[in-house]
Amino acid sequence: AVVKLLLGTGKVDVDSRNGYGQTPLSNAAEKGHEAVVKLLLGTGKVDVDSKDNYGQTPLSRAAGGGHEAVVKLLSKDGDGLIAKLLK
């Protein structure tokens, strides 16, 4: 609810980065926060393929954490092959 409220202000830089180069999308993906990932993707303003200081993308962070639902949201793989490989 807080994320939705903040995004609704239109004053949030959805691609801001922390000291490790991670965006809010990367952090949400890494932690498996599916609802937050959906909200961020819904803005149409996030760079889904952004890399942090370690070369990791939101997709690789989600996959590394075993978060299948988030992997499906972030992958351009319509058949969910990446998510299947995580099982």
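The values are calculated or read from the model by the stated rules, or taken from the named source; none is laboratory data. These numbers come from a predicted model, not from an experiment. No Cβ is skipped: glycine too gets one built from the backbone with ideal geometry, and neighbour counts run over all protein chains shown.
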### Residue in segment 74-85 that is modelled with the highest pLDDT, counting only those that are buried (at least 17 other Cβ atoms within 10 Å of the Cβ) and assigned to a helix (DSSP H, G or I)
L74
### Message
Just the residues that are on the phi < 0 side of the Ramachandran plot, in a loop (DSSP other than H, G, I, E, B) and either surrounded by fewer than 19 Cβ atoms within 10 Å (Cβ to Cβ) or among the hydroxyl-bearing types (S, T, Y) (or both), please, taken from segment 47-73.
### Response
D47, V48, D49, S50, K51, N53, Y54, T57, G65
### Query
Any idea which residue in segment 1-46 is farthest from S75 (Cα to Cα), counting only those that are in a loop (DSSP other than H, G, I, E, B) and of a type in the set (S, T, N, Q)?
T9
### Message
Quick check on G8: is it of a type in the set (G, A, S), out of contact with any helix residue (DSSP H, G or I) (no Cβ under 6 Å at 6 or more places or on another chain) and modelled with pLDDT of 95 or more?
### Response
no
### Query
Taking segment 28-46 as the search range and keeping residues that are at pLDDT 95 or above and of a type in the set (G, A, S), which one is surrounded by the most Cβ atoms within 10 Å (Cβ to Cβ)?
A29
